[in-house]
Each structure stands twice: as C-alpha cells, then as structure tokens.
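Colleague: Sending over a structure as structure tokens; questions will come in a sec.
The values are calculated or read from the model by the stated rules, or taken from the named source; none is laboratory data. Only a predicted model underlies this, so the values are computations on that prediction, with no experimental measurement involved. Every residue, glycine as well, gets a Cβ built from its backbone with ideal geometry; the counts of neighbours run over all protein chains shown.
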Amino acid sequence: MNEQLAYALITPYSLVKSRTGGILARLLSYTDLEFVGARMYIFSDAFLDAYRDVVCPATAEPALCEAWRDYVDTSLRLGNPWGYVPRCMLLLFRGEDAVRRLKDDVIGGFTERPTGKTITIRGTYGDLIRDEAGEIHYFEPAVLTAPTEDLNRKHLKLFADYSLSDGGVLTGRCPHEQNDVQVSLVMLKPDNFERRSRRPGNIIDTFSLTGLRIVAAKLFRMTVAMGERFYGPLKEQFVDKLRFLVARTAKQKLSDAFDFPFNDADADRVADMLAERNAECEFNKIVDYMTGVHPNAVAEEDKPTAGNARCLALLYEGPKAIEKVRSVLGSTDPSKAEPGTVRSDFGRDLMRNGAHASDSPENALRERQIVGLDKAEPDTCDVRQIIEEYLASSSGPE
C-alpha cells in the first residue's frame, strides 16, 4: 500500500475571486482521499525563493517551467503588481497514490483551448494562454500541487518548516476600506464530512456572499473537553428555554396515567424537578454530535483527547463580519431559515444545521481560543505535525 500525503494550495487570485468553495467542493467530492489538514499562509521571500527552485520537475517544458517561476515571483509575493495581500490556503489529503490521484484526477492540467471539458479544477478555474508562436501570455493555475512524489516531499517540508513563521491566523494583515472590522468564527459541523460530498465547499461558497476575507482555516477533531467548553453557555440557557417542553411532555404522558386529574400545575411541578436533568441531557446530545463521543461514556481525565468527529473552522474578517455571517447563516431551525441561507439549503434539523457562527465579537474571541485560532499561536501546529510525521514514517528521496 503506497499511502501518501499530498497537498493542494489555493492561490491568492482564487481566494480573492471567492473560488475557494468551488475548489474545495471538487477536492472533496472527486476523490476518496482523506481530508486531514488546512492552514492559511502568507509566504515570506525566504520560503518562495526555496519553493520556486523546486516547483517544476527537471523534465518540464522550459517555457512552462519559466511561467511557474514567474508566477511564484509575482502572484505569491508581498508587493505583487495587483496590490492584494497574497493569502494562500493549504489543504492536505492522505491516501493511496495520493500525489498522482490529486494531480491527475482532481486538479488536472491546463486546457489551452476551450473544450467544454471542465471537470478538473484547472479546467474550470485555471488559465494558460499562448499566442500562435507558443509564447505564454497569461498563466493562472488556480491551485498549486506537486507533480511528482519526490517534489511533493520537498514541498511539504517547506510548508512544515515555515508553518509557524508564514502560516496561521492572518487577522489584521488585509486592509479594509471601512471601519468596524470584526472577526467571525465559522465552523462547518461534522455531518458535512461523514461521506464524500460537495457540501462543505458549497457552504463556503454561500458564505462568500458576505464579501469577507478568510484569514484562518483549521480542520480538527473537537474533543469532549472542547465541546463542553464551546457549548457550555447553552447548558444554563436550556434549563429555562426547554422547561416548557418538559412540562408539555409530562402533560401528554401523564394526563391519563392516574385515576385523578393531572393538570397544568402538576406538569409545571414535574418540569421544576426535571428541567436541569433535561438541560444536561440535551447538552450532552450536542457534545456527542460535535465530538462523536458521549460525555458520559468517557472518564473525566480522557475528555481532553477523546473526539472522533471532524470540523472545519474558518475565520472571516471584514466590516460588520458578525452580522454579515449570521445573515447568510440563517435561523437555527432550518425549516424557518430564509431561502438561500446556509441552514435553509444545507441544514437538516436544529442540531445538524450545517454550520455554527459566532453571535458576538466577545463570543467569537472565546470560541477562537477554544478551537485554537486565537492570535497567540502555540509553538507547534497540527499541519506541521501531520507533515513531519509523514516525512519521518515514509520512505522516499529528500
């Protein structure tokens, strides 16, 4: 079994043009490779100097190889001719023969003349335009990846080596024309990743309607401890908010259970006794769904590591980000959400409603700290760890 770790790097132009969701949809749905990591980068000159030297194989067409190096020098550097901050999103995929399958089957090569065959990412979003003499006039790859396994290892090592200095949370790096700049946490929930699907990409595509910029990305498994902290405020709210449901259920179940009348006052007294237990039960259901582990099924000391369900956390930055994201997200109940919102289109019920988004700047900061997307970065990061473990465990040329 030739299990490999491969990468797709979404280019600055693709991010600026809000093509991130469409690209991710194809990456997740056109292959059965496992999606294992995500991280944002703004690359330093030191990284790009090293990357451009190994971006092409020795057998590549000289003119195309020169186009690749020119692209790295212009589009990926700070101070590029277009004046945008060159944010890139790194996505990691694992599986058998992953390098070739990701490159050939999903990302694809360049279509120099329109053919109508745009199933690959570059067939749809990439451009390579030559004149009749064969000179390249315009080049935009949409996504970067390694063409061979030996170059893949070299590229991955660079991403790991520069993960802390060049990658992570990019808040405050992009200029904004308006004031009231905020950061909102968006979290795509576990059912989006239960099977191969375009759903995660389509949800991100919907959030692009806000015009906000993605400034951080992290694929992670929420642990029980994280889930209890993240959703902790709901537990107290559930006691009062769900009390009427306890009373209603008691009335329905017990009204004919006795030889004497069971009235509303009796149901209210039952609700007084059971409201807290009911709130804890409903809270545990949410933690179970978000982590894949029921809190009562794991010892307290194991809660910081217990978790099986994947979530994708993104930070969106821009003027009035909280309000804009919430308007596109839609009502908590998908059946009541406005048509065209995330929860209307992708939600299934009150819990499996597509995505979570922060409801205030204060909660956004609290939630970012829990999932590890606050500004204070740790000394290591998950993407770096994934890459280093792969390079250490797999054989191949360095």
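Colleague: I'd like the full set of residues that are polar (S, T, N, Q) and either within 16 Å of Trp82 (Cβ to Cβ) or outside any helix (DSSP H, G or I) (or both), limited to the range 15-29.
Modeller: Ser18
Colleague: Turning to a different aspect of this structure: Of the numbered conditions (1) at pLDDT 95 or above; (2) surrounded by fewer than 20 Cβ atoms within 10 Å (Cβ to Cβ), Ala355 fails exactly one; give the number of that condition.
Modeller: Result: Ala355 fails condition (2) only.
Colleague: Looking at (1) under 19 Å from Ser197 (Cβ atoms); (2) in a helix (DSSP H, G or I), find the lone condition where Cys311 falls short.
Modeller: (2)
Colleague: Determine if the range 349-372 includes at least one residue that is within 23 Å of Tyr162 (Cβ to Cβ) and out of contact with any helix residue (DSSP H, G or I) (no Cβ under 9 Å at 6 or more places or on another chain).
Modeller: Yes: one or more hits.
Colleague: Exactly one of these conditions fails for Arg352: (1) in contact with an Asp or Glu (Cβ under 6 Å, 6 or more places away or on another chain); (2) in a helix (DSSP H, G or I). Give me its number.
Modeller: It fails just one condition, (2).
Colleague: Looking at (1) buried (at least 16 other Cβ atoms within 10 Å of the Cβ); (2) touching a residue at least 60 places away in the same chain (Cβ under 8 Å); (3) within 20 Å of Phe35 (Cα to Cα); (4) touching a helix residue (DSSP H, G or I) at 6+ places or on another chain (Cβ under 9 Å), which is the only condition Ser197 fails?
Modeller: With (1) buried (at least 16 other Cβ atoms within 10 Å of the Cβ); (2) touching a residue at least 60 places away in the same chain (Cβ under 8 Å); (3) within 20 Å of Phe35 (Cα to Cα); (4) touching a helix residue (DSSP H, G or I) at 6+ places or on another chain (Cβ under 9 Å) applied to Ser197, the lone miss is (1).
Colleague: Of these, Glu135, Glu177, which one is farther than 30 Å from Glu367 by Cβ, surrounded by fewer than 18 Cβ atoms within 10 Å (Cβ to Cβ), of a type in the set (Asp, Glu) and over 16 Å from the mean Cα position of the chain (by Cα)?
Modeller: Residue meeting the stated conditions: Glu135.
Colleague: Sticking with this one: Just need a number here: residues in the range 30-80 that are part of a loop (DSSP other than H, G, I, E, B) and in contact with a Lys or Arg (Cβ under 7 Å, 6 or more places away or on another chain).
Modeller: The qualifying residues number 6.
Colleague: From the list Asp266, Asp288, Asp259, Asp272, which one is in a loop (DSSP other than H, G, I, E, B) and among the charged types (D, E, K, R)?
Modeller: One residue alone meets the criteria, Asp259.
Colleague: Of all residues in the range 53-67 being within 31 Å of the chain's Cα centre (by Cα) and at pLDDT below 90, which is surrounded by the fewest Cβ atoms within 10 Å (Cβ to Cβ)?
Modeller: So, considering only residues that are within 31 Å of the chain's Cα centre (by Cα) and at pLDDT below 90, the one surrounded by the fewest Cβ atoms within 10 Å (Cβ to Cβ) is Pro57.
Colleague: Looking only at helices (runs of 4 or more DSSP H) that lie completely in the range 194-248, which have at least 3 residues being farther than 30 Å from Ser14 by Cβ and of a type outside the set (Gly, Ala, Ser)?
Modeller: Correct list: 224-230, 232-241.
Colleague: Assuming Ile214 fulfils every condition listed in (1) within 20 Å of Arg77 (Cα to Cα); (2) out of contact with any Leu (no Cβ under 6 Å at 6 or more places or on another chain) apart from one, which condition is it?
Modeller: Answer for Ile214: the failing condition is (2).
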